[in-house]
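The values are calculated or read from the model by the stated rules, or taken from the named source; none is laboratory data. Here the structure is a predicted model, which is why all the values come from computation and not from measurement. Each accessible area value is taken on the protein alone, full model and side chains, heavy atoms only, with ligands, DNA and RNA left out. Shrake-Rupley method; radii C 1.70, N 1.55, O 1.52, S 1.80 Å.
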Amino acid sequence: MVKYFLGQSVLRSSWDQVFAAFWQRYPNPYSKHVLTEDIVHREVTSDQKLLSRRLLTKTNRMPRWAERLFPANVAHSVYILEDSIVDPQNQTMTTFTWNINHARLMVVEERCVYRVNSDNSGWTEIRREAWVSSSLFGVSRAVQEFGLARFKSNVTKTMKGFEYILAKLQGEAPPKTLVETAKEAKEKAKDLASKAATKKQQQQQQFV
């Protein structure tokens, strides 16, 4: 049995902007798990479509029980192949990704189609499908549930990272990460506490 995911997302940027951002989306604050990216093959077909294959290296922590099945030096490294077909005439980009190691434990296959949004030509819609499978006898269902939950979490990070890069390319202020927001809130609270302490000390000195 295979776990299936279907999702629709919208980026409030034109297809051309999304296409440009796609190749520049790493690194970003939401993709620290992506370690490397390398172009393995690229060509332009006779009908002017751009075909590319990239190899990505990611860290993707496994469940603790699954880590025992693999050597410590490879347990956290996942190699991903990404094939893409860009059709500039019809303004579509289709990507296929799948992991090429740890396949016995779990395989995650993803297909995304980027096209102009039907309601707003200045926006881009993404149709995302994923298939999560496992061949581990006895625990395949648990592995698939884990993989699907992890995939959904990563989709959120992917979209935030895309929005970050798009804002950066368009000269806008990129959205702040949760870490940055928390750091600012902590510094602000520390500053307010310091001012309050100083004010209290001044008030005490007035009565001395």
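Of the Cα atoms belonging to region 79-177, the radius of gyration and Dmax stand at 16.4, 52 Å. Applying the Karplus relation 6.51 cos²θ - 1.76 cosθ + 1.60 with θ = phi - 60° to region 23-39 yields 3J(HN,Hα) values of 7, 10, 7, 10, x, 8, x, 9, 10, 5, 7, 8, 8, 9, 8, 9, 7 Hz, where x marks Gly and Pro.
Per-residue surface analysis assigns Tyr30 an accessible area of about 40 Å², computed on protein heavy atoms at 1.4 Å probe radius.
Accessible surface of Lys3, taken over heavy atoms with a 1.4 Å probe and every protein chain present, rounds to 40 Å².
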